[in-house]
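All remarks here apply to the structure that follows.
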Amino acid sequence: MSFVSRLSVAATAAAIAAGMTLSATAQTTSLRIQTHFSPETLSGQMAAKYVEDITAMSNGEIEIEMFYTSAVVKSAETFDAAATGILDCDMTGGAYQTGKNPAFQFTGDLMGGYSNPYQQMAWLLHGGGRDAVNELYNAHNMEFVGWWIPGPESLSSTRPIRGVEDFKDWKFRSPPGMATLVFKNLGASPIVMDFNEIFTALETGIIDGADAANLTNNVGLGLYDIAEHTNFPGFHSMPADHLACRKDIWDAMPAHHKAIMTVAMDALALHNASINEVKNAQTAKELREKGINLYEWSPEELGKFRQAVKAGWTEFATTPEAKALLESHIKFLTGLGAM
């Protein structure tokens, strides 16, 4: 065989080997994810953007089937549905799982602890938060991937909500977790219900108001078509929505897929917090023009609420995991000079 022929054979063999390597390493990750947000809300649109981003960055290797408006199971059941294989990932929030362990409250919403989404994300990224959250999630066969935080929420109400006194006998939709405890201690009547039940409950008078989302997402839910009272800026709650996937699914993913999904979640957090800050300011202006009453609470009223929240932290943190997470948050906030 001539030298040229040998080169040709060698090149062909190398090409075949390269092709075999490519086919052996190319891997597709297919995930079924559920979010409680509807596609019409700003958060629903941001969830869709996340899917577009990871599809593009993975060159189509990561395939997502997204279920909006809790289409497969109820919002609070999404975590278990992912952990048991009905779904693969949960894109709701940790506070839905406080029935398992009150520590889940402190994986998503400290209620009045952080002033803005950037502070709260700083705990996750620079205060050991991601590892601390995953220690809890892993114990329940789930992997915490990341947070996205729309910012402080605003209550919606068919009655004025000018201060703490207005919470007396106020029936409202509450998420599960510490919110029910804090508001109950202030005289309100919290009713835990799913996201997609709020509008009908308001319309029929079952509830007087709702702790649902921020101004912009409340508009997307149609709440201000019925409720003519709200508060802005928000102060009572700033939940972080999470992405969490079943542990075996996550562990089986190639490293670059994990990196893409994690980095894309951090990017989503920045885009989500900043666009909500802009949109909420614009929405507040539009709601005032439509005659919706927006109440800005006085420092005195905010102080009363925050005292109730601090008492609620201690009362709610009843397990070693909850106490450890709360201590981590407080240590970080104290270090920032925010407490």
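The values are calculated or read from the model by the stated rules, or taken from the named source; none is laboratory data. Fair warning: this is a prediction, and the values are worked out from it, not measured in the lab. Using ideal geometry, Cβ is built from the backbone for each residue, glycine included, and neighbour counts are taken over all protein chains shown.
Listed values, structure above:
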{"read-out": "Any hit, the range 161-173, residues being modelled with pLDDT of 90 or more, farther than 23 Å from Phe316 by Cβ and among the basic types (Lys, Arg)", "value": "yes"}
{"read-out": "Matching entry among Lys184, Lys171 (being charged (D, E, K, R) and in contact (Cβ under 8 Å) with a residue 24 or more places away in the chain)", "value": "Lys171"}
{"read-out": "Boolean, Lys279 is basic (Lys, Arg), touching a Leu at 6+ places or on another chain (Cβ under 7 Å) and within 23 Å of Ala122 (Cβ to Cβ)", "value": "yes"}
{"read-out": "Conditions (1) more than 22 Å from Ser298 (Cα to Cα); (2) over 18 Å from the mean Cα position of the chain (by Cα); (3) not acidic (Asp, Glu); number of the one not met by Trp148", "value": "(2)"}
{"read-out": "Residues satisfying the stated conditions in the range 96-109, i.e. crowded, with 24+ Cβ neighbours inside 10 Å and in a helix (DSSP H, G or I)", "value": "Tyr96, Gln97, Ala103, Phe104, Gln105, Phe106, Thr107"}
{"read-out": "Candidates Asp109, Asp90 - the one that is in the same structural domain as Ala47 (by TED's automatic domain parsing), at pLDDT 95 or above, closer than 25 Å to Arg173 by Cα and not small (Gly, Ala, Ser)", "value": "Asp90"}
{"read-out": "Residues within the range 23-57 that are hydroxyl-bearing (Ser, Thr, Tyr), surrounded by fewer than 21 Cβ atoms within 10 Å (Cβ to Cβ) and within 19 Å of Asp266 (Cβ to Cβ), tallied", "value": "1"}
{"read-out": "Selection count, the range 126-142, where residues are hydrophobic (A, V, I, L, M, F, W, C) and loosely packed, with under 15 Cβ neighbours inside 10 Å", "value": "1"}
{"read-out": "Total residues in the range 309-323, condition surrounded by 14 or more Cβ atoms within 10 Å (Cβ to Cβ), of a type in the set (A, V, I, L, M) and outside any loop (DSSP other than H, G, I, E, B)", "value": "2"}
